1. Restrict the search to the stretch 321-407; then list the GluC sites (Glu not before Pro) that DSSP places in a loop and that have at most 13 other Cβ atoms within 10 Å of their Cβ.
2. Give me the Kirkwood hydrodynamic radius of the stretch 381-433, using the inverse of the mean 1/r over all pairs of distinct Cα atoms, in Å to one decimal.
3. Using the Karplus curve 6.51 cos²θ - 1.76 cosθ + 1.60 with θ = phi - 60°, work out ³J(HN,Hα) for each residue of the stretch 243-257 in order, rounded to whole Hz, and write x for Gly and Pro.
4. Over the alpha-carbon set of the stretch 235-300, work out the extent along each principal axis and list the three values in angstrom, largest first.
5. Going down the table (LYS362/LYS413; LYS270/LYS442; LYS252/LYS289; LYS270/LYS437; LYS413/LYS442; LYS330/LYS413), which pairs top 31 Å between alpha carbons?
Amino acid sequence: MCNPPGRGHAGRVLAIGAGMDGAGADRSLKRSVVANLSHVEVTPSVVTTDVVAFAVDVNRSAIGAGGGDADDRAGGKADTKTNAEARPGLRTGNSQCGGQSERGKRRGNGLRFGHDALHPFEPEAAGRPLHKWVARLRKKVQSDRMMRISAFLLAFAVALAPAQGQHLDKVRFGTNWVAEAEHGGFYQALADGTYRKYGLDVTIVPGGPNVNNRILLPVGKLDFFMSANSLQSFDAVEHNIPTVAVAASFQKDPQVLIAHPDVQSFDDLKTRTLFVSKEGMASYFQWLKADYRFDESKVKPYTFNAQPFLADKNSAMQGYVTSEPFAVEKQGGFTPKVFLLADHGFNSYSTLIETRLDLVEKKPNLVQRFVDASAIGWYHYIYGDNRPGNTLIKKQNAEMTDELLAYSITKMKQYGIVDSGDTFTSGIGAMTDAHMKSFFDKMVRAGVLKAGLDYKRAYTLQFVNKGVGVDLRSR
């Protein structure tokens, strides 16, 4: 609803009075019109604007009796210009309030007198003595004044309610690494106001090489945490840590093996030297051994540096599909072969949202709002204008570049990291019992987990699979 400034309406009426010269109106009578109108104490600005519009239409009727349409008269055009100058923010033509300059059209601000009030006289009566229609004008304005003010105040209160009365719940969300595109949906939801729309005042606490945010969750220093994969959720159950996964932002783990261009198939990797981290050896490599007969003797430690791989053409190294291949292209000058482990059976969820069990039990509405708003943030980041999220990421991580951000987003979309499979119908963040059981069984077979673990305690489907945001997906 347009709400022009409320002050200065007397200047508007004076300008209207000046237009009466074209109809031969007496100057003293014009002053009487101004006095009669200004005597009515209508203070809310939107109402005042309509009172002036009322006088404008009556004035046009009187001028019309003297000959011609008011909009076609030089005086009428001059008045329109004067009015616009007197009230900054008011435009002629299709105005900010939705009104139109054509004669007889109603104003579009939603609070108006109605057609009878704007045109209280029949055309044949337009030539009546001015003091009679002024008296009638005063009577109409006074009778409608309280009703109009009440309507205005109600609308004004409703309009201000979200801004002035909304309570924002403070939330601290810890990530597992420095700010990057792989966290983009969360930064987007913060930057574009989605979290605030859901009543949340979110602080993102970045992780890093010397930061362990995960231990801050169970002790109450964080409300939510971004876990790397489903194994961490299973590990919490095994150690009786009172946390639970409430959403899976990534349907596919971004973990890849990167090889030189001559490698033709996934099986060819078994003949190469593999640079794998300690964490990788304890998780996905055990699955590679069990399901693909990879040989541990061929493994060398991965130090998060691409140079050993670049120097040895008979090697392959671990990485994230959204990052390390980009570094190899820049440093090595070639496009490497990339094998996403998720596409070969390592079907762990990734970038899960974890929270404490007590928060799920005592504040389920807060958990739901954070999950939903984060999903919306991911849709905006992947398919919409992600500049707000990227700007915030670069502010948090000075080493991040626009080129890497663009590359990462492209790869997340290309490989279906965020949006694929169940999310097409259930929405980003989706999880299923069948998916969890499938991955758990593989980890048991690989010797990573014990068969008797009550893995279902690691997650809840209470807050996902509701289709939140699916209509935002790019078509």
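1. Sparse-neighbourhood loop GluC sites (Glu not before Pro): GLU399.
2. In the stretch 381-433 this quantity evaluates to 12.5 Å.
3. Per residue, the Karplus-derived 3J(HN,Hα) values read 10, 8, 7, 10, 6, 10, 5, 10, 6, 10, 5, x, 4, 9, 10 Hz.
4. On the principal axes, the stretch 235-300 reaches 46, 25, 19 Å in Cα extent.
5. Values: LYS362/LYS413 36 Å; LYS270/LYS442 20 Å; LYS252/LYS289 20 Å; LYS270/LYS437 28 Å; LYS413/LYS442 26 Å; LYS330/LYS413 21 Å.
In this structure, LYS362/LYS413 exceed 31 Å between Cα atoms.
Readers should treat all values here as calculations from the given coordinates under stated rules, not as data from a laboratory. Note that this is a predicted model, so its numbers are computed, not measured. All Cβ positions, even for glycine, are placed from backbone atoms using ideal geometry, and neighbour counts span all protein chains on display.
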